[in-house]
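Here's the structure, in structure tokens; my notes come after.
The values are calculated or read from the model by the stated rules, or taken from the named source; none is laboratory data. Note that the coordinates shown come from a computational prediction; the quantities given were computed from them, not determined experimentally. When we count neighbours, we look across all protein chains shown, and the Cβ atoms used for this are built from the backbone with ideal geometry, even at glycine. What goes into the accessible areas is simple: the full protein's heavy atoms, side chains included, and nothing from ligands, DNA or RNA. Shrake-Rupley method; radii C 1.70, N 1.55, O 1.52, S 1.80 Å.
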Amino acid sequence: MKAIVITSPGGPEVLQLQEVEDPQLRDDEVLIGVHATALNRADTLQRKGFHPPPKGASPYLGLECSGTVLSIGKNVSKWKIGDQVCALLAGGGYAEKVAVPSGQVLPIPPGVSLTDAASFPEVACTVWSTIFMTSRLSQGETLLIHGGSSGIGTFAIQIAKYRGARVYVTAGSEEKLAFCKSIGADVAINYKTEDFVARVKEETGGQGVDVILDCMGASYYQRNIDSLNLDGRLFIIGFQGGVTTEVDFRPLLAKRLTVQAAGLRNRSLENKAVIISEVEKNVWPAIAEGKVKPVVYKSFPLAEAAEAHLLMESSEHIGKILLVP
């Protein structure tokens, strides 16, 4: 099969389409003929030599895909050859075929094209497992999403609104903020021209928000703490603003705050299967109702993965970027 290979750690130009061995199918896996895959920020880190794949995972990039089941391992009963599916991957999406544990495979949501379905698995599993399964965002609560126009952000806005939360976002341009509002954000804050803490306090009558989904890490830590309400929950899923900062524990105690962080890629197969099952039960109906829509900025042929990475690293995009073999 053909796959995008990282010829050596570096910039987007190190990504090259090459002929490689087909994946080996294990007994509890499904072999998918990839119709589309989507970019994630983690792909750019892996390309640079950081964020290596978990032990035993595909060496190739790609944390999600959509496609058709080509064959199934002997222990697989839920899927059959010819099924159209999408899947959460530990790697291997930037290829024509990928082997994936059957517990990480989802049906294509009703009303969504096979191509667009590739935009859902990673964002749905990330957002559902963090702000819902862990931070317990509930109806009537307030959520602040940093990077509201990202793939994660555009999905989180829609599912949080569907679940009855009030949604605040930060983004870096008026175009991005307008888009976030068009898909349901109640309050959109330009972090380049406004102090998001002051704006959150103003909009919440001085209280702060209940849950924050943060991709920045160190640079936003103290401001996030300052933006939280009593019993507030900060969930960190990225460190785009650095990994170390000084912590004052007093506000955590005074406001009974919870600070948590998690990734998806290195979780156990059992844990991922639980998340996938929860996503199918809770998120797929919202997509079927048309209340959560795919937000795809641009699709590239697989051979143009380098151009797709350039676009992602420019941060000009809104939503997801796809690659189509």
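In the condition set (1) under 24 Å from Q158 (Cβ atoms); (2) surrounded by 20 or more Cβ atoms within 10 Å (Cβ to Cβ), V324 is compliant with all but (2). Scanning the range 198-214 for residues that are part of a helix (DSSP H, G or I) and in contact with a strand residue (DSSP E or B) (Cβ under 7 Å, 6 or more places away or on another chain) returns R199, V200, E203.
Out of the residues in the range 166-184 that are surrounded by 21 or more Cβ atoms within 10 Å (Cβ to Cβ) and free of Cβ contacts under 8 Å to residues at least 40 places away in the same chain, which is nearest to G290 (Cα to Cα)? If we take residues in the range 166-184 being surrounded by 21 or more Cβ atoms within 10 Å (Cβ to Cβ) and free of Cβ contacts under 8 Å to residues at least 40 places away in the same chain, then C180 is nearest to G290 (Cα to Cα).
Give me the pairs: first residue in the range 193-205 and over 17 Å from M216 (Cβ atoms), second residue open to solvent by less than 70 Å² (accessible area, probe 1.4 Å) and among the hydrophobic types (A, V, I, L, M, F, W, C), beta-carbon distance under 6 Å, and six or more apart or on different chains, which are they? Pairs found: E203/V187.
I145 fulfils the conditions (1) in a helix (DSSP H, G or I); (2) touching a strand residue (DSSP E or B) at 6+ places or on another chain (Cβ under 7 Å) except for a single criterion, (1). As a summary of the residue check, K74 satisfies the conditions (1) surrounded by 14 or more Cβ atoms within 10 Å (Cβ to Cβ); (2) out of contact with any strand residue (DSSP E or B) (no Cβ under 8 Å at 6 or more places or on another chain) except for the one numbered (1).
Within the range 240-268, take every residue that is over 17 Å from S135 (Cβ atoms) and outside any loop (DSSP other than H, G, I, E, B) and give me the one that is least open to solvent (accessible area, probe 1.4 Å). Checking each candidate, the answer is P251.
Applying the set (1) at positive phi; (2) assigned to a strand (DSSP E or B) to L230 leaves exactly one unmet item: (1). For the range 127-155, a residue qualifies if it is within 14 Å of N282 (Cβ to Cβ) and under 9 Å from the mean Cα position of the chain (by Cα), and the qualifying residues are V127, F155. Against the condition more than 30 Å from C86 (Cα to Cα), assigned to a helix (DSSP H, G or I) and at pLDDT 95 or above, how does N271 come out, does it pass? It is false that N271 is more than 30 Å from C86 (Cα to Cα), assigned to a helix (DSSP H, G or I) and at pLDDT 95 or above.
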